[in-house]
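Q: Next up is a structure, given as structure tokens.
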Amino acid sequence: MTLNLATTTESTNSPNSVSPFVSTSQLNQNANVTTSEETVYYGFQPEELAEILLKELQITLKQTTRSAQAVVMRIALEVQRICQKSNRIQNSGEVQTWQLDLARHRVQKCLQYYRLGSRQGRVELHSHLASMVYRHVASFAAQLNFQARYNLIEDFLQGFYIETLRAFRREHQMGADYTPRTQLELAEYMAFAEQYAKRQIGLPGRNRQRLIVLRAQGFAKGQPPETAIDIEMAVESAKGEDAENHSRSAAVQQVREQMVSECIDPAEGVLRDRVVAELIEYLKSQGHTDCVDYLVLKLKDLSASEIDEILGLSPRQRDYLQQRFKYHVEKFARSHNWQLVHQWLGAELDQKLGMTSPQWEAFKATLSPEQLTLLEMKRSQESDKTIAAALKCTPKQVQKRWTQLLSQAAIARNA
């Protein structure tokens with residue numbers, strides 16, 4: 001795949017609103033009059049409209065960049081093309097008002113994604129488009145479970161984003177290698193993607209449908225039927241020409257890849273069992289046997305209603321139990337037995353607590369000198385007593401500070 005300008009007071013849907021930035025006399029002075037046998041209309045030149053939009057955009061951006069200039073010029077050219085091709089707009093006699101309203105609507109949509117930021121903007125766009133196509137994809141894949149339909153939608157949207165980028169390049173006459181590079185350009189592309197997805201396509205019988213829905217229906221219909229695979233033939237070496245051809249098919253290759261990817265490392269299973277056993281012992285030592293019962297049932301993948309029935313809990317009692325369980329799990333993972341848990345997660349100290357190198361450097365830059373000392377001494381496997389002497393505090397304070405540092409690392413790792 002994710003809001004109004006502070007000084008814009010008119011509705012973007014009203015063709016009769018007047019811009020606070022342009023007076024009636026200015027409209028008449030700047031008007032580009034075109035006369036034909038059928039229509040007489042007034043319209044801004046793209047450069048004039050782009051200049052107005054750029055001044056309004058500066059209110060949010062606080063500065064003018066080449067990227068902003070390029071974005072407003074593309075919007076101005078697109079709006080001019082729409083107004084020239086629309087007989088309804090030209091016959092209205094208010095072409096300039098329509099130009100301003102359409103252009104401002106596109107600028108505001110762009111700013112909406114710009115303010116959300118790169119990451120959250122993409123999340124919002126992806127969620128919005130997924131919600132538009134879910135029902136239509138699900139109707140063609142009723143035999144699949146939710147996760148399978150979710151994966152199908154993910155595959156479709158990845159292809160749709162590529163189509164959208166190509167359409168963006170084509171409609172704005174961009175180079176074949178163009179890609180958004182600034183936050184504003186990315187916001188412009190995401191706003192275009194939403195608008196492109198919602199385009200109404202005429203169908204036989206005077207019906208209309210959104211473009212993304214038509215694409216999703218075609219995608220779902222085009223999925224290949226399920227193929228029966230002999231698991232033994234997929235695993236064993238082929239014997240005979242027919243078996244050899246079968247083993248080389250795409251379906252069998254996909255099954256083999258899935259079998260390898262889902263293979264569980266025995267060492268990982270042993271470590272997981274050890275974490276579970278240690279957690280159960282910890283909960284028992286704290287006197288929370290009900291949390292142990294809840295954990296055992298959760299590990300059996302039972303639903304909330306089934307757990308309530310077995311433990312005799314009301315929804316309110318279950319919520320309270322879940323909160324206590326979560327609190328003690330976090331305490332176990334970050335203070336009581338943090339080394340075992342981080343080893344299981346592949347986030348040990350010698351692995352930068354599970355972060356990438358850029359994340360690790362950014363994380364260390366946020367730490368105080370005292371926290372950096374604590375981190376380095378922990379990496380050197382110094383005892384809490386030694387660390388307490390170096391930091392001039394008690395061993396218990398060392399544990400609290402280390403728990404806080406691990407919490408900060410988890411936030412940085414998952415950001």
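The values are calculated or read from the model by the stated rules, or taken from the named source; none is laboratory data. Bear in mind that the values here come from a model prediction, so they are computed numbers and not experimental data. Reconstructed Cβ throughout: ideal geometry from the backbone, glycine too, with neighbour counts over all protein chains shown.
Q: Check whether at least one residue in the stretch 302-325 is within 18 Å of S285 (Cα to Cα) and hydroxyl-bearing (S, T, Y), and report yes or no.
A: no
Q: Just for the stretch 137-164: of the residues that are more than 17 Å from the chain's Cα centre (by Cα) and hydrophobic (A, V, I, L, M, F, W, C), which one is surrounded by the fewest Cβ atoms within 10 Å (Cβ to Cβ)?
A: A142
Q: A further question follows. E171 fails exactly one of the following numbered conditions: (1) at pLDDT 85 or above; (2) surrounded by 14 or more Cβ atoms within 10 Å (Cβ to Cβ); (3) under 24 Å from the mean Cα position of the chain (by Cα). What is the number of that condition?
A: With (1) at pLDDT 85 or above; (2) surrounded by 14 or more Cβ atoms within 10 Å (Cβ to Cβ); (3) under 24 Å from the mean Cα position of the chain (by Cα) applied to E171, the lone miss is (3).
Q: With the checklist (1) within 24 Å of V275 (Cα to Cα); (2) surrounded by 13 or more Cβ atoms within 10 Å (Cβ to Cβ) in hand, flag the one item Q371 doesn't pass.
A: In the conditions (1) within 24 Å of V275 (Cα to Cα); (2) surrounded by 13 or more Cβ atoms within 10 Å (Cβ to Cβ), Q371 misses (1) alone.
Q: Using the structure shown, decide if L102 is out of contact with any Phe, Trp or Tyr (no Cβ under 6 Å at 6 or more places or on another chain), within 25 Å of V72 (Cα to Cα) and not polar (S, T, N, Q).
A: Here the answer is yes, as L102 does meet what is asked.
Q: Here's something else I'd like to know. If you go through the stretch 161-189, how many residues are among the aliphatic types (A, V, I, L, M) and in contact with a Cys (Cβ under 8 Å, 6 or more places away or on another chain)?
A: Restricting attention to the stretch 161-189, the residues satisfying the condition of being among the aliphatic types (A, V, I, L, M) are 162, 165, 167, 174, 176, 184, 186-187.
Then drop every residue that is not in contact with a Cys (Cβ under 8 Å, 6 or more places away or on another chain), which leaves 184, 187.
Residues flagged as among the aliphatic types (A, V, I, L, M) and in contact with a Cys (Cβ under 8 Å, 6 or more places away or on another chain) within the stretch 161-189 amount to 2.
Q: Tell me, which helices (runs of 4 or more DSSP H) lie completely within the stretch 188-287 with 1 or more residues that are over 30 Å from the mean Cα position of the chain (by Cα) and either modelled with pLDDT of 75 or more or not hydrophobic (A, V, I, L, M, F, W, C) (or both)? Even if it seems obvious, please write down each step before you answer.
A: Values: elements: 211-221, 231-235, 241-247, 250-261, 266-285.
Once the helices (runs of 4 or more DSSP H) in the stretch 188-287 are filtered for at least 1 residues that are over 30 Å from the mean Cα position of the chain (by Cα) and either modelled with pLDDT of 75 or more or not hydrophobic (A, V, I, L, M, F, W, C) (or both), what remains is 231-235, 241-247, 250-261, 266-285.
Q: Looking at the stretch 377-397, which of its residues are charged (D, E, K, R) and either surrounded by 14 or more Cβ atoms within 10 Å (Cβ to Cβ) or assigned to a loop (DSSP other than H, G, I, E, B) (or both)? Reasoning before the result, please.
A: Taking the stretch 377-397 first, the residues charged (D, E, K, R) are 378-379, 382, 384-385, 392, 396.
Scanning the stretch 377-397 gives K378, E382, D384, K392.
Q: Please verify whether L313 is on the phi > 0 side of the Ramachandran plot and either assigned to a helix (DSSP H, G or I) or not hydroxyl-bearing (S, T, Y) (or both), treating the condition exactly as stated. Can you show your working first?
A: Values: on the phi > 0 side of the Ramachandran plot: no; either assigned to a helix (DSSP H, G or I) or not hydroxyl-bearing (S, T, Y) (or both): yes.
Here the answer is no, as L313 does not meet what is asked.
Q: Further question on the same structure: Select from the stretch 101-128 the residues that are charged (D, E, K, R) and within 9 Å of the chain's Cα centre (by Cα) and write down the one among them that is farthest from G43 (Cα to Cα).
A: To start, the set of residues in the stretch 101-128 that are charged (D, E, K, R) comprises 101, 104, 106, 109, 115, 119, 122, 124.
From the residues that got through so far, the ones that are within 9 Å of the chain's Cα centre (by Cα) too are 119, 122, 124.
Values: R119: 38, R122: 35, E124: 35 Å.
Looking at the filtered set, the residue picked out is R119.
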